[in-house]
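What follows is one structure encoded as structure tokens, with my remarks underneath.
Each reported figure results from applying straightforward, stated rules to the coordinates on display, with no laboratory input. Fair warning: this is a prediction, and the values are worked out from it, not measured in the lab. No Cβ is skipped: glycine too gets one built from the backbone with ideal geometry, and neighbour counts run over all protein chains shown.
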Amino acid sequence: MGVSSRGPEGLTPARFCLIIGVGRVMKSCIVLFSGGIDSTTALYWALAEYARVFALTFDYGQRHSVEVRMARRLARKLSLPHVVLKVDLRQVGGSALTDAAIPVPGHRDLRDLRAGIPPTYVPFRNGILLALAAAWAEARGVTDLVCGFNIVDSPNYPDTRRGFVEAMEKAINAGTKAAFGAPPMRILAPFLELKKSAIIRKGLALGVDYSHSVSCYSGGEVPCGVCSSCLLREKAWREAGQQDPLLARLRKEGKL
């Protein structure tokens, strides 16, 4: 498989954007669609690149399960095939997102964030979800898995890094029909090395509807404003020079 040094519109230096030049005819992909900003942008990116797109959302017992409901809403709006797979990672524990006994840290601003793996890291979550997505894709003859992973603004999560994605792709191809000559699977992470504000700008150019994309780790549709995800989201929209459509919708509906 060839390696590309540039992604769509030259935005992403990565080997994860090999779709350019493939063509949309009869080409399908699965998007790991959580309902947040990054995966929502990845969904619209895939719609521009593929003839058929499946949205795959995971209900893994996350505290912020409102994202699953919002993902369903957008998939219906876009008339996309959408599947919600359930896997209870609460049984694993070890994360503020799956264990109610571990509080979600609050911060005054991003300078309060400590170095190291944060309490909101879910142990090997992306590895587990990619494995499930690969199994679901293999059963349907789909080879491309599209993810919204990025590391620039959130570098302390081990399961969004380039090395992790490369290793998972290799493992998937070693443990599926690809090992016996079937078309290999690919993990595409087109925004891996983009700031979140750049992802937003890319999404706005694609016409992304962010009004129902939720990011807050605390579990509500209305952002708490103090968790790391809320702070990063606020910073990204400020850098993008735009009003957050989620906040605009919530104000219009009288929820803020």
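Observations
- Based on C-alpha pairs under 8 angstrom that are at least 6 apart in sequence, the chain has a relative contact order of 23 percent.
- Structure-derived mean projected area of the Cα convex hull in nm² - corresponding label in (1) 12.2; (2) 13.5; (3) 14.4: (2)
- Chain lengthening between A139 and F124 when straightened (0.36 nm per residue, less Cα-Cα): 3.1 nm
- In this rough spin-label picture, where each label sits 7 Å from Cα along the Cβ direction, the A182-R73 distance is 3.7 nm.
- Ranking of C147, C216, C224, C230 by count of other Cβ atoms within 10 Å, fewest first: C224, C230, C216, C147
- Helix-only arithmetic for the chain: the sum of -39500 (n - 2.57) across DSSP H runs with n ≥ 4, divided by the residue total, places the mean residue ellipticity at 222 nm at -10500 deg cm²/dmol.
- Excluding same-chain neighbours fewer than eight residues apart, the lysines reachable from K27 by a Cα-Cα span under 25 Å are K77, K170, K177, K202.
- Amide H to amide H, with H built 1.01 Å from N, L188 comes under 5 Å of L145, V146, C147, counting only residues 5 or more places away or on other chains.
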